[in-house]
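The values are calculated or read from the model by the stated rules, or taken from the named source; none is laboratory data. None of these values were measured; they are calculated from a predicted model. When we count neighbours, we look across all protein chains shown, and the Cβ atoms used for this are built from the backbone with ideal geometry, even at glycine. We work out accessible area using only protein heavy atoms, side chains counted, and drop any ligands, DNA or RNA first. Shrake-Rupley method; radii C 1.70, N 1.55, O 1.52, S 1.80 Å.
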Amino acid sequence: AARVTALMPYAGYARHAVRGDAPRYLGHNPLGAWMIVALLVALTAVGVSGWLMTTDTYFGSEFMEEAHEALAQGLLALVALHVAGVLFTGWHQGENLVRAMWNGRKRAPAPGDID
């Protein structure tokens, strides 16, 4: 089992996750929490850049169109990485995290789980 603290550095958590001995979190693990932040920031950036393309200043702007497209592609990459992380973590922990995201319930806490 991993020897960690509740405030495990993200790189340390990632090393444990790759080895398959990362602790189970009852909520988002450190990487999952940062992924949610990244997804929200990327989604906001895509929305803002799309809106800017409708303004007089950026309507027809090739730069803004390219920026919007790059941001959208980045968002899709983050979504793919998030799905891969959910599947990987669920597989290593023997838990259906997709179902847990859908119904909001995970299995009962066990010794060593982090609240």
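Conditions tested, residue by residue: (1) open to solvent by 80 Å² or more (accessible area, probe 1.4 Å); (2) within 20 Å of Asp21 (Cα to Cα).
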site: Leu31; (1), (2): no, yes
site: Val37; (1), (2): no, no
site: Thr44; (1), (2): yes, no
site: Val48; (1), (2): no, no
site: Arg99; (1), (2): yes, no
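Considering only segment 56-115, state which residues are touching a residue at least 24 places away in the same chain (Cβ under 8 Å) and charged (D, E, K, R).
Glu95, Lys106, Asp113, Asp115 - these are the residues of segment 56-115 that are touching a residue at least 24 places away in the same chain (Cβ under 8 Å) and charged (D, E, K, R).
One line per residue, one yes/no per condition, for (1) of a type in the set (A, V, I, L, M); (2) more than 15 Å from the chain's Cα centre (by Cα):
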position	(1), (2)
Phe59	no, yes
Glu66	no, yes
Leu71	yes, yes
Leu76	yes, no
Trp91	no, yes
Arg105	no, yes
Ala108	yes, yes
Asp115	no, yes
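Six or more apart or on different chains, Cβ atoms under 7 Å: show the pairs whose first residue is in segment 19-42 and part of a helix (DSSP H, G or I) and whose second is of a type outside the set (A, V, I, L, M, F, W, C) and open to solvent by 60 Å² or more (accessible area, probe 1.4 Å).
Short answer, once both residue conditions are applied: Pro30/Tyr10; Leu31/Tyr10; Trp34/Tyr10; Ile36/His28.
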